[in-house]
Amino acid sequence: MFANFLPADVARLSEATSIAIAHQITRHAIATPLIEDSIETAYIHQGAGGTPILLLHGFDSSVFEFRRLLPILADQQDTWAVDLLGFGFTDRPISAPFNPMAIKTHLHSFWKTLIDQPVILVGASMGGAAAIDFALTYPEAVAKLVLIDSAGFAAGPAVSKFLVPPLGYLATEFLRQPKVRRQVSLKAYADRRLVTADAELCAALHLQMSGWSRSIIAFTKSGGYNFLNGRISQISQPTLILWGDSDQILGTQDAERFRDAIPTSQLHWIQHCGHVPHLEQPMITAETIRFGRQ
């Protein structure tokens, strides 16, 4: 049986890795300083041993993003994935703010409640920007940083200034359209054969959660992580930068910008791979996270 907070369409998943992850998703009530009530926070926890790994998904995504990577990592190491505030299957309370400050505050409360020891913090795309912000604010919580085709240098989306009613609603309804989401998925992979019906369902299940449109509008209007550019060089943790050599979402120039800006970093290219190495080349991605540059 799947958790009752997941949309009924979860039963349509057809690939073994997706079904297995869906069975693992649970929620925990996390108390935060953001609002009076606890926030039901969706996460997955597998494995044991070693420094815990904590995985952060990208924009408008969920823990399903790590359906191929997480089991490989968890085979040898304590591994977590969490849905950030405003995203995935984590609850979206009416009174909660949805911006980078709230995201890292909620994430710290999650970390403190369930992990409470330094982690290897892995962020993909927007999750990389969230990981950078978290590592700079709570350095004691992060032993090592891993950035996978990470946001952080790019400015916030220009569309944010247009996200006012009713345009905000119309923008998110456009984003909800299956054809639009499919085009984004096709651009994210180097091997487009991986954009299966199951993959598209994994990328869209969370759209059925209450408050999805409201939280996406609020986060985008906040400007997102466009404030990080000048702070990236302040990262002190050992940092591994993983980048698909065929990334068509963010391109490849920012990989070297991260390497040059972060004194403690190393850059590893994932060959024949697009914006999502953790989905396209999960074994190589897992091995590189475990052992660093080979």
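The values are calculated or read from the model by the stated rules, or taken from the named source; none is laboratory data. Please read these numbers as outputs of a predicted model, since none were measured by experiment. Every residue, glycine among them, receives a Cβ derived from its backbone with ideal geometry; neighbour counts consider all protein chains shown.
Of all residues in the stretch 208-248 being among the β-branched types (Val, Ile, Thr) and out of contact with any strand residue (DSSP E or B) (no Cβ under 8 Å at 6 or more places or on another chain), which is farthest from Lys187 (Cα to Cα)? Step by step, filter the stretch 208-248, then rank; the result is Ile232. Of the residues Leu13, Leu56, Leu70, the single one that is modelled with pLDDT of 95 or more and either more than 21 Å from Phe2 (Cβ to Cβ) or charged (D, E, K, R) (or both) is Leu56. Residues of the stretch 19-33 that are part of a helix (DSSP H, G or I), under 27 Å from His106 (Cα atoms) and of a type outside the set (Gly, Ala, Ser): Ile21, His23, Gln24. Checked against (1) touching a helix residue (DSSP H, G or I) at 6+ places or on another chain (Cβ under 7 Å); (2) buried (at least 17 other Cβ atoms within 10 Å of the Cβ); (3) farther than 11 Å from Ala81 by Cβ, Pro52 meets all criteria but (1).
Out of the residues in the stretch 1-18 meeting the condition of being outside any helix (DSSP H, G or I) and touching an Asp or Glu at 6+ places or on another chain (Cβ under 8 Å), tell me which one is nearest to Arg68 (Cα to Cα). Checked the stretch 1-18; the qualifying residue nearest to Arg68 (Cα to Cα) is Glu15. When the stretch 76-106 is limited to residues that are of a type in the set (Ser, Thr, Tyr) and farther than 18 Å from Gln24 by Cα, the one that is surrounded by the most Cβ atoms within 10 Å (Cβ to Cβ) turns out to be Thr105. Looking at the stretch 28-41, is at least one residue at pLDDT below 95 and either in contact with a Pro (Cβ under 8 Å, 6 or more places away or on another chain) or within 25 Å of Glu280 (Cα to Cα) (or both)? The answer is no; no qualifying residue exists. Residues of the stretch 64-108 that are among the hydroxyl-bearing types (Ser, Thr, Tyr) and part of a strand (DSSP E or B): Thr79 alone. Filtering the stretch 249-270 to residues that are in contact with a strand residue (DSSP E or B) (Cβ under 6 Å, 6 or more places away or on another chain), under 13 Å from Leu145 (Cβ atoms) and either crowded, with 18+ Cβ neighbours inside 10 Å or acidic (Asp, Glu) (or both) leaves Phe258, Ile262, Ser265.
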